[in-house]
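The values are calculated or read from the model by the stated rules, or taken from the named source; none is laboratory data. Small disclaimer: the values here were computed from a predicted structure and weren't measured. Cβ sites come from the backbone with ideal geometry, for glycine too, and all protein chains shown count toward neighbours.
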Amino acid sequence: MDASPRDNRLLIWCLSGFQTAGLVLVLVALLYRADELGETLDDLNTAVGLGLYIALWATNWWATRKAVEGLDLIDPDRPVTGIALLGRGFLWGGVNGILFLLALLGPILVVIVADGNVTVLGMIALLAYVLVLGGIASFVFGSIIGLAFALIDWALLEIAHALWRAGSAGTADETPVLANASTANEDRPAG
Amino acid sequence: MTSLYVPLLSMSYLIRWLHVASMAGLVGGAILIIALSLHVPAHGVERDGPLLSVAQTYEWLFWLAIGLLVMTGVGNLGAFGSAVPAPETDWGGKLVFKLAAVGALALLSIVRTLLVVVLSMTTLRATRNQHTILRWAYTSTVLLAAAILAVAVSLAHG
């Protein structure tokens, strides 16, 4: 039973939306509990904040797409390839971290260059320094978060599959009441 | 007339509008699916392809709404700035509850979305039990969203 590309796209959209929202919710909750939320948000412009969220969502979507490529997470009769999911979550979480760093730095670097106070050589040196150190830190941070969310995703996928299988258990005599539109005209009951 | 346009164009008004509109869509869409599912003919008189299409569309929009809700929710908090009430206050307790409830809604919704995705697989059909499970998933979504809404109103208006 192969899932269609549209099914996979919905799954990817759902997982990436969940991961992005979940990460931001956790960060906000932690900052709030530490009584630092107000100060942090004070320093952040609304438009910039929205832009950062959208950037994170976009990089997360792309990384999630790469992470689940080739994995069948949908078929409830096949066990979820959890270890593969964890490994990919770790790897692509790290990549996501680097991508987000680039998305974050891009506008800042453009402003620095536009200011005209840095030479080209200085710019290259700054970029290399930030990318190497920042890249390593972003990869590590992103990998840990990616692994954590992969674990959560795995658990939730197993729950969904278990619910589906529980619903189909012992129902051989039951008449199915719902179907995908492509099977809508198959074996209609007589009369 | 000018006084009407000014609030409509302000960022904070737009943020609040998006926040409320996203929640309305999220709740209304789930209620629509529950209502439609109650009219699914029993015993195979008609296969219900339209309900599945509506559910798939809802799931796409749901995750867009969640993103908008979180994004604009942080924006709304930003409007308080450093004047946001401390976590030890009643208001703070309600906010923490609301954040946790939104997290729980997102967790529940992964399961719900996946059930819809599994149902979409071309060779699978839902049995009556699976249909009931899916309906309960949407009902839980509405109930949890209603709880979040109640807390949100309390946060906004005391």
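Quick look at the values:
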read-out: Among the candidates B:S82, B:S109, B:S154, B:S140, residue that is within 9 Å of another protein chain (Cβ to nearest Cβ) and surrounded by fewer than 22 Cβ atoms within 10 Å (Cβ to Cβ); value: B:S82
read-out: The stretch B:59-79, subset of a type outside the set (A, V, I, L, M, F, W, C) and within 7 Å of another protein chain (Cβ to nearest Cβ), residue nearest to A:L23 (Cα to Cα); value: B:G67
read-out: Boolean, B:G81 is at pLDDT below 95, part of a helix (DSSP H, G or I) and under 28 Å from A:G51 (Cβ atoms); value: yes
read-out: Answer residue from the stretch B:93-106, given it is of a type in the set (G, A, S) and facing another protein chain (nearest Cβ under 7 Å) and is farthest from B:R135 (Cα to Cα) among those; value: B:G103
read-out: Exclusive hit being modelled with pLDDT under 90, part of a helix (DSSP H, G or I) and either touching a helix residue (DSSP H, G or I) at 6+ places or on another chain (Cβ under 7 Å) or surrounded by fewer than 17 Cβ atoms within 10 Å (Cβ to Cβ) (or both), set B:L18, B:L51, B:L26, B:L32; value: B:L51
read-out: Residue within the stretch A:79-89 that is within 14 Å of another protein chain (Cβ to nearest Cβ), touching a residue at least 12 places away in the same chain (Cβ under 8 Å), within 21 Å of A:F149 (Cβ to Cβ) and out of contact with any strand residue (DSSP E or B) (no Cβ under 9 Å at 6 or more places or on another chain) present; value: yes
read-out: Matching entry among A:D35, A:D43, A:D7 (being surrounded by 15 or more Cβ atoms within 10 Å (Cβ to Cβ) and modelled with pLDDT under 95); value: A:D7
read-out: Filter result (closer than 21 Å to A:I83 by Cα, surrounded by fewer than 23 Cβ atoms within 10 Å (Cβ to Cβ) and within 11 Å of chain B (Cβ to nearest Cβ)) within the stretch A:49-72; value: A:W61, A:D72
read-out: Where a residue in the stretch B:60-89 is more than 15 Å from B:W17 (Cβ to Cβ) and its partner, wherever it lies, is among the charged types (D, E, K, R) and not in a helix (DSSP H, G or I), with Cβ under 9 Å and at least six apart; value: B:A86/A:D35; B:P87/A:D35; B:E88/A:D35
read-out: Among residues of the stretch B:85-106, those that are small (G, A, S), surrounded by fewer than 16 Cβ atoms within 10 Å (Cβ to Cβ), in contact with a helix residue (DSSP H, G or I) (Cβ under 7 Å, 6 or more places away or on another chain) and in a helix (DSSP H, G or I), counted; value: 1
read-out: Members of the stretch A:19-48 that are among the acidic types (D, E) and facing chain B (nearest Cβ under 7 Å); value: A:D35, A:E39, A:D42
read-out: Lone unmet requirement of (1) at pLDDT 90 or above; (2) over 27 Å from B:I33 (Cα atoms); (3) at the interface with another protein chain (Cβ under 7 Å from one of its Cβ atoms) for B:D90; value: (3)
read-out: Failed condition for B:M121, given (1) in contact (Cβ under 8 Å) with a residue 24 or more places away in the chain; (2) under 20 Å from A:I12 (Cβ atoms); value: (1)
read-out: Matching residues in the stretch A:80-109 - criterion: being under 20 Å from A:Y53 (Cβ atoms), of a type in the set (V, I, T) and modelled with pLDDT under 85; value: A:I108
read-out: Output for the stretch A:153-184, where each listed residue is more than 8 Å from chain B (Cβ to nearest Cβ) and either crowded, with 19+ Cβ neighbours inside 10 Å or modelled with pLDDT of 85 or more (or both); value: A:W154, A:A155, A:E158, A:A162, A:R165
